[in-house]
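Written below as structure tokens is the structure these notes are about.
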Amino acid sequence: MKAVIAFACLLAASAAADVCYNEVSMECGRATSSLALPSCNAVYGNFGRQGNVANEMQAYANLHLRRSYEFLLSSAYYNNYQTNRPGFSKLFRKLADDSWAKTVEIIKHVTKR
């Protein structure tokens, strides 16, 4: 019984993948400049469902961006003439750069969908 259910799930998944593949093949075979693929989008891939992943990813990217600016602010604080802690300034600058790079990676991943 488990084998039948597993086979049915695999068959349904391959049929859903074929629909998207067939639409892409048909659209790319044409000589038009528009790509209107109603069954091949982020909603079709369940990106917007199951806990609203798109909004959570956006909030995660915003959090990294906010942390990056906070690290830059801390870096500027430790790099002034009164505090004069260049080691802390360098550390916070590196953390800001890492957080910024992570933000860019997240945004690239979200826009791929």
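Every number in this text was worked out from the coordinates using simple rules, so none of it is lab data. Only a predicted model underlies this, so the values are computations on that prediction, with no experimental measurement involved. As a convention, Cβ positions derive from the backbone with ideal geometry for all residues, glycine included, and neighbour counts pool all protein chains shown.
What span do the alpha-carbon atoms of the range 47-113 cover on each of the three principal axes, reported in whole Å from largest to smallest?
51, 17, 11
Take V104 and L63, extend 7 Å from each Cα along the Cα→Cβ direction, and tell me the distance between the two endpoints in nm.
Roughly 2.2 nm, to one decimal.
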